[in-house]
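Take a look at the structure below.
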Amino acid sequence: MKITAALARGAKQALAVTELELDEPRDDEVLVRVVASGICRTDIDVRDGYLPTPTPVVLGHEGSGVVVRVGRLVRQFAAGDHVVMSMGSCGVCPSCQVGMPAYCVQHVPLNFMGSRPDGSVCMHAHGEHVHSHFFSQSSHASFTLAHQSSLVKVADDVDLCWLGPLACGVMTGAGGVINTLKPEAGTSIVIFGAGTVGLSALMASKIVACSRRIVVDNKPERLARELGATDTILATADVDVAAEVRALTHGLGAHNAFESSGVESVIGTALTAIRERGTCVITGVLPQGSVVEFDAWQLLRGRTVRAGAVVKAIVVMPHPDASPT
Ligand SMILES: [Zn+2]
Ligand SMILES: [Zn+2]
């Protein structure tokens with residue numbers, strides 16, 4: 001069928017909205033009419049060549065839509081279902097088996113290689129292959145084929161336009177706080193970066209009753225307080241952000257930090273802004289090969305740096321192309 005898609009053609013080139021040809025779903029795939037899809041920083045990093053996905057490719061990994069047709073072996077979804085498309089996972093590796101598909105051992109091949117595991121693609125332009133299956137979905141398109149492992153069924157009385165970012169930005173921010181940091185009520189948190197991920201972390205920190213919620217960004221328009229910040233810091237060149245955080249937390253530093261900017265130097269700042277025995281969780285995607293510098297003394301004083309949002313499985317199904325590991 002003919003579809004309209006945003007094609008990423010190479011480093012730093014604008015996306016081209018163009019007509020493509022979409023294949024029929026394979027046995028384990030679902031044809032989805034895309035209603036909305038976020039643009040995540042990871043899409044931009046791929047477009048700009050910082051990650052290994054080949055081009056030309058249709059990106060998009062925060063899609064929401066309506067199921068049109070399902071493959072022969074798909075049992076959990078049917079035409080008309082409202083779905084959110086998240087990441088692909090194998091369903092059989094040790095991480096998948098304990099409900100942690102974000103740490104699937106097949107994460108890179110299933111999500112970043114721009115094809116199915118067997119190397120095939122489902123999108124074409126004038127007979128030429130276009131890389132697809134980005135995060136098992138390539139949802140920057142009017143219709144797409146998603147692998148069933150990436151889908152989560154959602155209530156059909158909720159506007160799908162709002163739900164796409166649940167698949168990446170919202171669950172990364174909220175998961176990083178609720179599942180990874182697990183802050184105690186009444187503690188302080190400093191959040192670096194006020195994009196989708198950081199603001200989701202902020203809302204989650206309010207839900208779990210962090211009492212002091214400090215947000216840091218270098219753009220003043222992103223420092224509004226509607227979503228629950230108790231304090232904001234504009235990170236300009238002449239501001240010592242860690243000192244500002246300590247000033248707001250009885251001179252000790254925040255109990256925890258959440259880093260979502262994906263900037264190497266900010267991680268060092270975040271570590272300096274937390275107190276002894278505090279934890280800094282990193283979720284921003286750094287370019288491959290990035291080196292982060294910080295004073296090791298910060299760790300010797302009981303601080304922890306760890307990465308990622310521990311996102312529990314909502315849907316886990318074996319991927320027929322993957323073997324147990
Ligand atoms: Zn993302
Ligand atoms: Zn797996």
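Identify all residues within segment 204-228 that are at pLDDT 95 or above and in a helix (DSSP H, G or I); write none if there are none. Once the filter is applied, which keeps residues that are at pLDDT 95 or above and in a helix (DSSP H, G or I), segment 204-228 yields Ala204, Ser205, Lys206, Ile207. Per this entry, Gly175 is counted among residues that are out of contact with any strand residue (DSSP E or B) (no Cβ under 9 Å at 6 or more places or on another chain) and modelled with pLDDT under 95. Residues that are in a loop (DSSP other than H, G, I, E, B) and of a type in the set (S, T, N, Q) within segment 229-246 comprise Thr230, Thr236, listed in sequence order. Take the conditions (1) within 19 Å of the chain's Cα centre (by Cα); (2) of a type in the set (S, T, N, Q); (3) not assigned by TED's automatic domain parsing to the domain that holds Gly10; Ser95 misses just one of them, which is (3). Of the residues making up segment 63-88, those that are modelled with pLDDT of 95 or more and within 15 Å of ligand 1 (Cβ to nearest atom) number 4. In segment 213-242, the qualifying residues are those that are over 15 Å from Ile267 (Cα atoms) and charged (D, E, K, R), and the one that is surrounded by the fewest Cβ atoms within 10 Å (Cβ to Cβ) is Asp238. Just one of the numbered conditions (1) under 25 Å from Thr4 (Cβ atoms); (2) loosely packed, with under 15 Cβ neighbours inside 10 Å; (3) within 16 Å of ligand 1 (Cβ to nearest atom) is not true of Thr53: (2).
Rundown of residues vs (1) assigned to a strand (DSSP E or B); (2) within 16 Å of ligand 1 (Cβ to nearest atom); (3) charged (D, E, K, R); (4) assigned by TED's automatic domain parsing to the domain that holds Met100, yes/no style:
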position	(1), (2), (3), (4)
Ser149	no, no, no, yes
Lys153	yes, no, yes, yes
Asp157	no, no, yes, yes
Ala174	no, yes, no, no
Asn179	no, no, no, no
Glu184	no, no, yes, no
Gly198	no, yes, no, no
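Listed by first and then second residue, the pairs with beta-carbon distance under 9 Å, at least 6 apart or on different chains, first residue in segment 99-119 and in contact (Cβ under 8 Å) with a residue 40 or more places away in the chain and at positive phi, second of a type in the set (S, T, N, Q) and within 16 Å of ligand 1 (Cβ to nearest atom), are Gly114/Thr53; Gly114/Ser138.
The values are calculated or read from the model by the stated rules, or taken from the named source; none is laboratory data. Just so you know, these numbers come straight off a predicted model, no measurement behind them. Note that each Cβ is placed from the backbone with ideal geometry, even for glycine, and that neighbours are counted across all protein chains shown.
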